[in-house]
Structure formats: C-alpha cells, structure tokens
Amino acid sequence: MIKLEHINKDYQLESTPVPVLKDISLHVEKGEYVAIMGPSGSGKSTLMNIIGCLDVPTSGNYIFDGVDVVNMSENQIAKIRCHKIGFVFQNFQLLPGESALQNVMLPLSFSGVPRNQRKEIALSALEKVGLGDRVDHLPNQLSGGQKQRVAIARAMVNQPQLILADEPTGALDQKSGAAVMELFSQLNEEGVTIVMITHDAHIAEHAKRVIHIIDGEIEEDKEAMV
Ligand code: ADP
Ligand code: MG
C-alpha cells in the first residue's frame, strides 16, 4: 500500500538545503500495524507528512495504493487524502466551536456523502469509540482521551484504508492512551493499515512492526515478537 523508494527531503535554511530525510526506502503492506520511533527532530513528522500526501519529497518515488502520488495534481491528491487516509494528531486538531458530532460529520461533507446521511454515520462512529453519550459536547467539555477518540471517529468516518497517527497518545495520561491503543488494535483487526509515530516504547509495543529512525535514516526495522 505504501512504497517509498529512495526518498530524500531537504528543508531550505537561508537558501542552504538541510537534509532531513536521507534515502528512505520503506514498504508497508495492507493490514500492517507499524510504529515509527525516533528522537525528537529525527524526521518522523516529515516522513508522516510525505506518507500522508501532505508534503512532497525533494527526490525519490512514492507509490500509494498503486498510484504515483509525486506526479499527481493537488486536486487528485486531496481526493486520496480524503477517501483513503485518516489522520490523528497529538493535539487532536478538533474545531473548538463545533460539537463532537459536527467535528465527525465534517469529513463526510468533503467526501460528498449526502447531507441526510451524515448525522447517522457520524453518530455510529462516535458510538463505536464509546462516545455515544457525548455527541453534543464541545471539545473543551471533553477530556483529552475523549477528544482523541472524537478525532479517531473523525479519521475513520470515511472508512479509510490507512490511519496515520503522529504521537496519538503524546498528550494523554496512561489510561486514556491505553483506550486509544485498544481502538487502534480493533481497527487493525478489522483490516485498517496503521502507521503510528511514537516516542513511547510501551506504546510502540502495540504495533506488529517497529521502525527506528535516527537523523533522517532508518536504523532498524523489525517485526514484533508474537
Ligand atoms: P520529528 O517529528 O522526528 O521530531 P520533524 O520531522 O518534525 O522531526 O523535523 C525534522 C527536522 O526538520 C528538524 O530538525 C526540524 O527542525 C526540521 N524541520 C521540520 N519542518 C521544517 C520546516 N518546515 N522548515 C525547516 N525545517 C524544518
Ligand atoms: Mg514530530
């Protein structure tokens, strides 16, 4: 599903290119559950942004779900992001003025689901993450763990094949983090591919494959012991 070949990413710093990702080649098959670990500044978020088609590499090839995304139009890429990828962030990125239900309904309007079906689909997504009784709450009326579960419902509502999560438990206490990991495992069992960035070795243990990136390079890539 994800085929990165010899990916390099430079950022320009006062017109000097600074290499951030160096010759990254990485394949992830459908149904995998991968954790990406590495120290702060090692390029994890940059890599996730490329995998999620939010950014383009300086050089190298990226085939996502059989499609060459490096050479696609912004319009086509937006469609892929909308239908095939669900994003989860450390700081939730919920719209503060909108209820849990409205936040989860939003991607359905982007993907063209008819208005009269959106509410029902969003409600069932919120029920699935255990928030059927919090649908009218605003984000600031929810705990961190609840906010992240709303964000997961929002990420899943268009039934994407891939979940990309950047430090999804980074702002959560242990118990809320465990609930998020429970949801990810459940989604993975249902066939959703998961790529999750984390600092936390205990969180990474939930994945079936762990990749270590250091200073923009893959240092280690191994299957978890079962
Ligand atoms: P991580 O997520 O592993 O902490 P990042 O991918 O966010 O690392 O960043 C990797 C490196 O790239 C860091 O040194 C960071 O300062 C640099 N960097 C990230 N984004 C930009 C940007 N937009 N412009 C310039 N440098 C950046
Ligand atoms: Mg980061």
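The values are calculated or read from the model by the stated rules, or taken from the named source; none is laboratory data. Predicted model only: the values in this text are computed from it and were never measured. As a convention, Cβ positions derive from the backbone with ideal geometry for all residues, glycine included, and neighbour counts pool all protein chains shown. For the accessible areas, the whole protein counts, side chains as well, though only heavy atoms, and no ligand, DNA or RNA atoms are used. Shrake-Rupley method; radii C 1.70, N 1.55, O 1.52, S 1.80 Å.
Let me have the relative contact order for the chain, percent, based on Cα pairs under 8 Å that are six or more residues apart. Display every interim value, and only then the final one.
Working: 442 pairs, mean separation 64.7, N = 226.
Averaging sequence separation for qualifying contacts and normalising by length gives 29 percent for the chain.
Please compute the volume of the convex hull spanned by the alpha-carbon atoms of the chain and report it per residue in Å³. If you can, show how the numbers build up before the last one.
On the way: hull volume 29.8 nm³, N = 226.
Value for the chain: 132 Å³ per residue.
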**OP:** Report the semi-axes of the equivalent ellipsoid for segment 145-226 in whole Å, largest first, where each axis is √(5λ) for an eigenvalue λ of the Cα gyration tensor.
**Re:** 21, 15, 12
**OP:** Leaving ligands, DNA and RNA out of it, report the carbon-plus-sulfur percent of the accessible area of segment 124-226 at a 1.4 Å probe.
**Re:** 46
**OP:** Go ahead and estimate [θ] at 222 nm for the chain from helices alone: -39,500 (n - 2.57) per DSSP H run with n ≥ 4, summed, over the residue count, rounded to 500.
**Re:** -10500 deg cm²/dmol
Original post:
Hey, any idea what % of segment 1-85's accessible area is carbon plus sulfur with a 1.4 Å probe?
Top reply: 52
Subject >> Per-residue ³J(HN,Hα) for segment 58-74, Karplus 6.51 cos²θ - 1.76 cosθ + 1.60, θ = phi - 60°, Hz, x for Gly and Pro >> reply: 6, 8, x, 10, 9, 10, 10, 6, x, 10, 6, 7, 5, 9, 9, 6, 4
Subject >> For segment 97-102, 3J(HN,Hα) per residue [Karplus equation, 6.51 cos²θ - 1.76 cosθ + 1.60, θ = phi - 60°, Hz, x = Gly/Pro] >> reply: x, 10, 5, 3, 4, 5
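Could you order peptides 214-220, 126-132 by the average number of other Cβ atoms within 10 Å of their residues, highest first?
Per-residue mean Cβ counts within 10 Å order the peptides as 126-132, 214-220.
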Original post:
What net charge is computed for the residues neighbouring Y62, neighbours being all others with C-beta under 9 Å from the C-beta of Y62, Lys and Arg scored +1, Asp and Glu -1?
Top reply: -1
**OP:** State in Å² the accessible area per residue of segment 37-115; use a 1.4 Å probe, count heavy atoms of protein chains only, and round to the nearest integer.
**Re:** 48
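Counting Lys +1, Arg +1, Asp -1, Glu -1, what net charge surrounds G177 among other residues with beta carbon under 11 Å of its beta carbon? Walk me through the numbers on the way to the answer.
Details: positive: K175; negative: E167, D173, E182, D200.
Once all neighbours under 11 Å are counted, the net charge is -3.
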Original post:
On the first, second and third principal axes, largest extent first, how far apart are the outermost C-alpha atoms of segment 78-158 in Å?
Top reply: 31, 27, 22
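Sorting check: for 107-118, 36-47, which peptide has the highest mean count of neighbouring beta carbons within 10 Å, and how do the rest follow?
36-47, 107-118
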